[in-house]
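The values are calculated or read from the model by the stated rules, or taken from the named source; none is laboratory data. The structure presented is a predicted model; accordingly, all values stated were derived computationally and were not measured. No Cβ is skipped: glycine too gets one built from the backbone with ideal geometry, and neighbour counts run over all protein chains shown. Please note that ligands, DNA and RNA were not included when accessible areas were found on the heavy atoms of the full protein model with its side chains. Shrake-Rupley method; radii C 1.70, N 1.55, O 1.52, S 1.80 Å.
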Amino acid sequence: MNNADSTTALLVVLRHAPHGSSWLREGLDVALVGAAFGQTVDLLFLGDGVQALIKGQQQGPLGQKGTHPTLDMLAMYDIETLLVDVESLAQRGLTEADLQLPVTLITASQLPHLFAQHTPVFNF
């Protein structure tokens, strides 16, 4: 996690795949808006949300925009803490090498502590 006091950091939890709904894009939008207003933002990719980080994604069905351009902007907004649930990766046959950006891997046993350290927490 970043060096800022995490009790003031906003945690955005991304649980949905990049295509098929707007949940992931909306979560990323909340993260970017929070960062634009000076909030420290940490992102947690859980479940199907880890799929957003897979290298080389194209746009979705019916021309739905991919999330890679938004993910590429995270550093510009000083969003540097990208946490990924290692079990979610394994369940989808993925490894850290399959991901577009550098991440910090966490285990399910670390999640309760992570949630307790952040106020507020937004789930998407």
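Observations
- So Gln51, is it surrounded by fewer than 19 Cβ atoms within 10 Å (Cβ to Cβ) and not aromatic (Phe, Trp, Tyr): no
- Odd one out for Thr95, checked against (1) surrounded by fewer than 19 Cβ atoms within 10 Å (Cβ to Cβ); (2) modelled with pLDDT under 95: (2)
- Single unsatisfied condition, Leu82 versus (1) within 17 Å of Arg25 (Cα to Cα); (2) out of contact with any Phe, Trp or Tyr (no Cβ under 8 Å at 6 or more places or on another chain): (2)
Yes/no per residue for (1) open to solvent by less than 30 Å² (accessible area, probe 1.4 Å); (2) part of a helix (DSSP H, G or I):
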site: Ala35; (1), (2): yes, yes
site: Met73; (1), (2): no, yes
site: Leu83; (1), (2): yes, no
site: Ser88; (1), (2): yes, yes
site: Leu111; (1), (2): yes, yes
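- Beta carbons closer than 8 Å, at least 6 apart along the sequence or on distinct chains, pair a first residue in the stretch 77-89 that is at negative phi with a second that is among the hydroxyl-bearing types (Ser, Thr, Tyr) and open to solvent by 10 Å² or more (accessible area, probe 1.4 Å) for Thr81/Thr104; Leu82/Thr104; Leu83/Thr104; Val84/Thr104; Asp85/Thr107; Val86/Thr107; Glu87/Thr107; Leu89/Thr95.
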